[in-house]
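Reading through the structure tokens given below for one structure.
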Amino acid sequence: MRIVMAGVLGGLTLFIWGAVSHMASPLGEAGLQSLPDEESVTAVLRQSVPEAGMYFFPGMDMKAKMTPEQEKAWTERYRTGPAGLLVYRPVGGEPYSPRLFVVEALSNILAATLAAFLLSMAAPGFRQRLLFGAALGAVGWMSVSVSYWNWYGFPTSFTLAEGIEEIFGWALAAAAMGAVLDRAPRPVVAPAA
């Protein structure tokens, strides 16, 4: 039960840290920019891309085997550009809907519950738990954000801001979870006769 309580507290800590880091610091906007000539670009997207999805360009049929000539032509298109990744929804939605906040909070709580389980087995003491939490954040950042920077060209400033947010956020969550995990009942020792 302590692990679940620690997970809830850690997840809420992550959720609050995410809100603060995105709304009250420059971390939330690092590497992001508006499209130049947005109306013209979105008009072409509306006309050309009818389905929501994640698109990469220059594109290729991932299921078909390319001939050496096709692969050479694709490689040249990639080299000369433009090249990129587009996450697209033809129909928008509510930018701050309750559903978005609920899913974010639940994912933070579930992740923190797993982290609390690991933390309870691996890191006794406040300093060790803080470092353990920071290491968890670093592992997540390096395995996801750094890979996206490397393979998909995510902006360096965005990737570095993600690193700060993840490492610091998980250290904070570990500190909060440690406060619950450290409250384990102490064994009662009978006095010597």
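Values in this text are rule-based calculations from the coordinates and carry no lab data. None of the values given here were measured: they were computed from a predicted structure. Here the Cβ positions follow ideal geometry from the backbone for every residue, glycine too, while neighbour counts run over all protein chains shown.
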Self-check item: Qualifying residue in region 37-58 (condition: without any contact (Cβ under 8 Å) to a residue 24 or more places away in the chain and in contact with a helix residue (DSSP H, G or I) (Cβ under 9 Å, 6 or more places away or on another chain))
Solution: no
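Taking the conditions exactly as written (closer than 17 Å to L14 by Cβ, out of contact with any Ser or Thr (no Cβ under 6 Å at 6 or more places or on another chain) and assigned to a helix (DSSP H, G or I)), does W151 satisfy them or not?
Details: closer than 17 Å to L14 by Cβ: no; out of contact with any Ser or Thr (no Cβ under 6 Å at 6 or more places or on another chain): yes; assigned to a helix (DSSP H, G or I): yes.
Spelling it out, it is not the case that W151 is closer than 17 Å to L14 by Cβ, out of contact with any Ser or Thr (no Cβ under 6 Å at 6 or more places or on another chain) and assigned to a helix (DSSP H, G or I).
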Quiz item: Of all residues in region 1-16, which are among the β-branched types (V, I, T) and free of Cβ contacts under 8 Å to residues at least 40 places away in the same chain?
Solution: I16
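Report, by residue number, each residue of region 75-129 that is of a type in the set (A, V, I, L, M) and either over 18 Å from I16 (Cα atoms) or touching a Lys or Arg at 6+ places or on another chain (Cβ under 9 Å) (or both). If you could, list the steps in order and put the result at the bottom.
Going through region 75-129, the residues of a type in the set (A, V, I, L, M) turn out to be 83, 85-87, 91, 100, 102-103, 105-106, 109-112, 114-116, 118-119, 121-123.
If the condition is that a residue be of a type in the set (A, V, I, L, M) and either over 18 Å from I16 (Cα atoms) or touching a Lys or Arg at 6+ places or on another chain (Cβ under 9 Å) (or both), then A83, L85, L86, V87, V91, L114, A116, L118, L119, M121, A122, A123 are the ones that fit.
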Quiz item: Taking region 59-89 on its own, how many of its residues are within 21 Å of S48 (Cα to Cα), free of Cβ contacts under 8 Å to residues at least 60 places away in the same chain and assigned to a loop (DSSP other than H, G, I, E, B)?
Solution: 7
Quiz item: Inside region 90-125, can you point out the residues that are assigned to a loop (DSSP other than H, G, I, E, B) and under 15 Å from A175 (Cα atoms)?
Solution: A123, P124, G125
Exercise. Could you please find all residues in region 134-173 being aromatic (F, W, Y) and more than 12 Å from the chain's Cα centre (by Cα)?
Key: W149, W151, Y152, F154, F168
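Within the group A116, A19, which residue is closer than 30 Å to I164 by Cβ, in contact (Cβ under 8 Å) with a residue 12 or more places away in the chain and surrounded by 11 or more Cβ atoms within 10 Å (Cβ to Cβ)? Let's see the steps before the verdict.
Numbers: A19 fails: in contact (Cβ under 8 Å) with a residue 12 or more places away in the chain.
So the residue among A116, A19 that is closer than 30 Å to I164 by Cβ, in contact (Cβ under 8 Å) with a residue 12 or more places away in the chain and surrounded by 11 or more Cβ atoms within 10 Å (Cβ to Cβ) is A116.
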